[in-house]
Amino acid sequence: MTASKKIVLLGHFGVGKTSLVRRFVEDTFSDNYKVTIGVHILKKEVKLPENQINLIIWDIEGSEDITRTRSSYLLGSHGFIYVFDTTRKSTYENLAADLEHIRSNYNDVPVLVVGNKSDLVTRAHLRENKQHFSLAQYFSSAKTGENVETLFEDLTKKLIE
Ligand code: GDP
Ligand code: MG
């Protein structure tokens, strides 16, 4: 039997949530995605060595204020991917507080933290922002594909533990 698991991508507008999902599900990238309005739900089968999981991926519209994300989108989620944009400080300066908010409201639900657009940042920039960036488990690029499959697969593994 194939289990279904719902995951939701969180993070500000324009950080690359839709792009990451498109890269993962369709292996494509576009420089001009339209702003997501409401929610797009996509499905992808993930085959792990001993399991097959149907990932139900909720690509919701971004929000500058996580506490105002519609709770109906988050209901029943088995995992979260919190995406920030490594090139835009406003998307990661409140990262710690945002994570605290998610963890206190969704106790046992795993959260992966992803710094996206790694293709655009220098090592110096990563060093300068060490304090914020150390909260990220992955740096990804929806453009080059760096780490995209890995991060979705690692979250999927956590969902079945
Ligand atoms: P969302 O609002 O979080 O869903 O962000 P989108 O996926 O719509 O992406 C916003 C913009 O950033 C688009 O113009 C994308 O082409 C661009 N973008 C997304 N991910 C990357 C990335 O990894 N690298 C680069 N260079 N651009 C990206
Ligand atoms: Mg979007």
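Within the stretch 46-64, take every residue that is open to solvent by less than 40 Å² (accessible area, probe 1.4 Å) and near ligand 2 (Cβ under 10 Å from one of its atoms) and give me the one that is farthest from ILE160 (Cα to Cα). Residue satisfying both the conditions and the ranking: GLY62. Does ARG70 count as open to solvent by 70 Å² or more (accessible area, probe 1.4 Å), under 21 Å from TYR138 (Cα atoms) and at pLDDT below 95? So ARG70 does not fit the description; no. Looking at SER4 and the list (1) open to solvent by 10 Å² or more (accessible area, probe 1.4 Å); (2) within 16 Å of ligand 2 (Cβ to nearest atom); (3) in a strand (DSSP E or B); (4) more than 19 Å from GLY145 (Cα to Cα), which single condition is not satisfied? Status for SER4: all satisfied but (2). Screening the stretch 24-45 for residues that are assigned to a helix (DSSP H, G or I) and not aliphatic (A, V, I, L, M) and picking the one that is least open to solvent (accessible area, probe 1.4 Å) gives PHE24. Only a single item in (1) in contact (Cβ under 8 Å) with a residue 60 or more places away in the chain; (2) under 20 Å from LYS158 (Cβ atoms); (3) in contact with a Phe, Trp or Tyr (Cβ under 8 Å, 6 or more places away or on another chain) is not met by GLY76, and it is number (3). If the condition is being within 27 Å of ASN51 (Cβ to Cβ), more than 12 Å from the chain's Cα centre (by Cα) and open to solvent by 50 Å² or more (accessible area, probe 1.4 Å), then the stretch 114-146 contributes only GLU146.
The values are calculated or read from the model by the stated rules, or taken from the named source; none is laboratory data. Computed from a prediction, not measured in an experiment: that's the story for all the values here. Quick reminder, even Gly has a Cβ in these numbers, built from the backbone with ideal geometry, and neighbours come from all protein chains shown. Just so you know, the surface numbers come from the protein's heavy atoms only, side chains and all, with ligands and any DNA or RNA stripped out. Shrake-Rupley method; radii C 1.70, N 1.55, O 1.52, S 1.80 Å.
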